[in-house]
Amino acid sequence: MAFFCCDNCGKCCTSLGIYIRIERQLTEQDYYCKNDITGELFPVHVQPEFAREIDEEYVSGIESTTKSRNGCVFHRRNPESPSFICAIYPSRPQICRDFRCYHMIIRNSGGDVAGKVVGKTDIQTSDAILARIWNAEVKLLPYNAIDGSGRTASPCSDPSWLQQVSAILASHCYRCDPVT
Ligand code: SF4
Ligand code: SF4
């Protein structure tokens, strides 16, 4: 098993984040929010350095220039680097904590990361041989993976799929590591 490692690229905050909405303001730093996908209601606490601008934006209804152009209202320009940052990171909702933008790492015979499996069964790789093997032998394998709420889950949760994929990759000297 590999551990998921988020590099804070912020891509999910511009897609997933559009469903996070402020329901009401409690204090200058505290809000009650809703996830429009799951219906989850949750309180958030804004980090002090972003409190004023988010408060002013909320009260005026005018978006600050520090907000990312699209996506989550809490996705803000990082004052210390040319990247973006979550203004409520310690109190971010469960959906953000659970989100994995890849669910399997594939390593080559040297142990280096050769690719990542994203979505359900798509692969991100610059290894042309691995891409060909994946698309020809793995991508269309059926799987049976349903999560607790009845939605299709990652194929990695299907032991039979995982076993077949491991065997195929091993026959080509690759190894797969599902992400926890
Ligand atoms: S979960 Fe993935 S997409 Fe989202 S910020 Fe982290 S690395 Fe980027
Ligand atoms: S709450 Fe934070 S982690 Fe979640 S989408 Fe918004 S900015 Fe991203």
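Just so you know, all these numbers are worked out from the coordinates, no wet-lab data involved. These numbers were taken from a predicted model, which means no experiment stands behind them. Methodologically, a virtual Cβ is constructed for each residue, glycine included, from the backbone with ideal geometry; neighbour enumeration extends over all protein chains shown.
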How are the Cα pair distances of the chain distributed, in percent, across 10 Å bins from 0?
9, 31, 25, 20, 12, 3, 0
Tell me, 162, 41 in order of fewest to most beta-carbon neighbours within 10 Å?
41, 162
Using only DSSP helix segments of four residues or longer, with each worth -39500 (n - 2.57), what per-residue ellipticity at 222 nm results for the chain after dividing by its residue count and rounding to 500?
-6500 deg cm²/dmol
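For the pair residue 14 and residue 139, what calculated FRET efficiency results from E = 1/(1 + (r/R0)^6), where r is the Cβ-Cβ distance and R0 = 30 Å, to the nearest 0.05?
Working: r = 27 Å, r/R0 = 0.88.
Once the sixth-power term is evaluated, E becomes 0.70.
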Counting other beta carbons within 10 Å of each residue's own, what order do 14, 27 fall into, fewest first?
27, 14
Hey, fewest Cβ within 10 Å first, where do 1, 104 land in order?
1, 104
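For region 11-98, would you read off the P(r) tail past 20 Å as a percentage of all alpha carbon pairs?
Value for region 11-98 (Cα pairs over 20 Å): 25 percent.
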What angle, in degrees between 0 and 90 and rounded to the nearest 10, separates the Cα long axis of helix 48-60 from the longest principal axis of the Cα atoms of the chain?
70
Efficiency of FRET from Cβ geometry, residue 4 and residue 146, R₀ 22 Å, rounded to 0.05:
0.60
Taking a temperature of 4 °C and a viscosity of 1.567 mPa s, what whole-number D in µm²/s does Stokes-Einstein yield for region 66-139 with Rh from Kirkwood over alpha carbon pairs?
86
One quarter of the C-alpha convex hull surface, i.e. the mean projected area of region 104-178 in nm², amounts to 4.6
Net length gained if the chain between residue 28 and residue 55 were fully extended (0.36 nm per residue, minus Cα distance)
9.1 nm
